[in-house]
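The values are calculated or read from the model by the stated rules, or taken from the named source; none is laboratory data. The structure presented is a predicted model; accordingly, all values stated were derived computationally and were not measured. Heads up, the Cβs are rebuilt from the backbone with ideal geometry, glycines too, and the neighbour counts pull from every protein chain shown. Calculation scope for accessible area: heavy atoms of the full protein, side chains included, ligands and nucleic acids excluded. Shrake-Rupley method; radii C 1.70, N 1.55, O 1.52, S 1.80 Å.
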Amino acid sequence: MNRREFLQLAAIAAVGAYAQQSEALRFDALTRRGPAKRIVILGAGLAGLAAAEELINAGHAVTILEARNRPGGRVYTLRKPFAEGLYAEAGAGRIPSTHALTLKYVKRFGLQLDPFWPESGSNVFLWRGKRQVVPFGKEPNLDGLDVNFTADERRVGFGGLEDKYLKPLQEKLRALPEDSWPVSQMADLGDIGLGDYLKKEGASSDAIQALSLGFERDSLLDFVHDSISHVVPKLWKMRGGNDQLPYAMAKLVASNINYESVVTRLEQKNANVEVVYKAAGKQRTIKADRVICTLPFSVLSQIPVEPAWPKEKMRAINDIYMGPVARVFAQTKTRFWEKDGRNGFATVDQPMEVWSPTFNDPGTRGIVMSYIYEDLAVKYSAMTESRQTETSLDLYEQIHPGFKKEFETATAWSWLNDPYARGAYMVALPGQCRTIVPQMATPAGRIHFAGEHTSPWPGWMQGALHSGLRAAKEVNEA
């Protein structure tokens, strides 16, 4: 069972606290004062789409430039090469029950939700070649595993490690307003890495490996801040694919979106911003009174800008770390693992999660996929797709013996290799919560910033939506 599942029931008491802290999620409809502004939004992900709708409704002239041929950005659902009706998430996968803004958008567009985690069946636990099938809600038997835990860690087991080492910090963060980021009250936690902190607390190397999932270099504050969105009463996914939300939002502003339009230069003048972009093989220029940039800074850093960014903004754009993520998906003829009560999910001794997104789908075919983090994601991203498939099939065979016999087709995705992302989400390294994170959302002249990396919820759909609404308000009032 995934380590976070063990803690979800204990988090039910946190719901009341979140309900009382919803003021940060309230955005009134914009009221335009004065002439309409010409606004160019860079990117048609959730942030850009949320901002565009609000500004258009307020009477502004909005143009969205999107490099891809689709909306959604890093909300990306794969349907090919899978059999008809099957799909899996290459991007944003989960919606915490505490993310009220995301759920508000889901409800508004009439989208249906399903549990992200199976609520029955057994998980597979694979550690140093030893495999256990663990019933839902139970712990793996440490006596049957090669695990080098301390005596206290053995007492609490894998499922208790997060409580043991991180719960006090999580509770402190939960007590603060939910948009408190980068949490100046706990800034010292941002100066130490997760791995170093756990060592200081006496954690064994195996406990650090199990808890960190490859994020040892992440700042402690960033990791704990993110973890409170995982340790919630429920995690959801959208029935039919999470990309239904950006597609529904894009329909409302469809005439304002220019797809396959790649921004190549930004130049701020006294009275406007000139955005140079390439579309249909031609260079074009559009002038704007204000620009909202939702591009990841890993992409923005490659775009010439004139005049140069202010010093602190440039530092944030150039130095922020975007976490590498790779995913490998394999389709099988049948969900044969269900015959003996397995739900398809697994916990392994590598920096990855193993999901089976088809566990509650109709039909007989199945998909098993890996969500690969950090250094291992870099390694996978450097492989050919056939090599990624071969490596993953070897792992899936260990998890579900007989997998290769049932295998039909596979595909892989790397956010590190995507030229319009160059990483999956912002990760704040030690020291950056004091220096870089406070600069992420700060406007630079006539250019404003949105996207998950500029929000109090880095890496989450709620962060993207919230940042878009915040940036729209800034531009309307500018």
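List pairs: first in region 82-111 and surrounded by fewer than 17 Cβ atoms within 10 Å (Cβ to Cβ), second assigned to a helix (DSSP H, G or I), Cβ under 6 Å, 6+ apart or cross-chain? These pairs meet every condition: Phe109/Ala248.
Sort out which residues of region 399-409 are open to solvent by 20 Å² or more (accessible area, probe 1.4 Å) and either over 15 Å from Thr332 (Cβ atoms) or not in a helix (DSSP H, G or I) (or both), and write them in order of number.
The first filter runs over region 399-409 and keeps only residues open to solvent by 20 Å² or more (accessible area, probe 1.4 Å), leaving 401-402, 404-409.
Pro401, Gly402, Phe407, Glu408, Thr409, listed by residue number.
Considering Ala424, Ala412, Ala450, which residue is more than 21 Å from Gln302 (Cα to Cα) and buried (at least 24 other Cβ atoms within 10 Å of the Cβ)? First the steps, then the outcome.
Working: Ala424 fails: more than 21 Å from Gln302 (Cα to Cα); Ala450 fails: more than 21 Å from Gln302 (Cα to Cα).
Result of the check over Ala424, Ala412, Ala450: Ala412.
Considering region 289-377, the qualifying strands (runs of 3 or more DSSP E), each wholly inside and each with 1 or more residues that are of a type outside the set (A, V, I, L, M, F, W, C) and out of contact with any helix residue (DSSP H, G or I) (no Cβ under 8 Å at 6 or more places or on another chain), run over 325-332, 342-348, 352-355, 366-373.
Determine whether region 260-279 contains at least one residue that is open to solvent by 40 Å² or more (accessible area, probe 1.4 Å), of a type in the set (Ser, Thr, Tyr), touching a strand residue (DSSP E or B) at 6+ places or on another chain (Cβ under 8 Å) and over 23 Å from Arg217 (Cα atoms). The answer is yes, given that some residue of region 260-279 is open to solvent by 40 Å² or more (accessible area, probe 1.4 Å), of a type in the set (Ser, Thr, Tyr), touching a strand residue (DSSP E or B) at 6+ places or on another chain (Cβ under 8 Å) and over 23 Å from Arg217 (Cα atoms). Could you please let me know if Ala250 is in contact (Cβ under 8 Å) with a residue 40 or more places away in the chain, more than 14 Å from Leu166 (Cβ to Cβ) and among the small types (Gly, Ala, Ser)? So Ala250 passes the test.
Considering region 131-168, and only residues there that are within 30 Å of the chain's Cα centre (by Cα) and of a type in the set (Gly, Ala, Ser), the residue that is surrounded by the most Cβ atoms within 10 Å (Cβ to Cβ) turns out to be Gly159. The set of residues from region 74-108 being out of contact with any helix residue (DSSP H, G or I) (no Cβ under 8 Å at 6 or more places or on another chain) and among the hydrophobic types (A, V, I, L, M, F, W, C) comprises Leu78, Phe82, Ala83, Leu86, Ala88, Ala90, Leu103. In region 336-355, the qualifying residues are those that are touching a residue at least 60 places away in the same chain (Cβ under 8 Å) and farther than 18 Å from Ala210 by Cβ, and the one that is nearest to the chain's Cα centre (by Cα) is Gly344.
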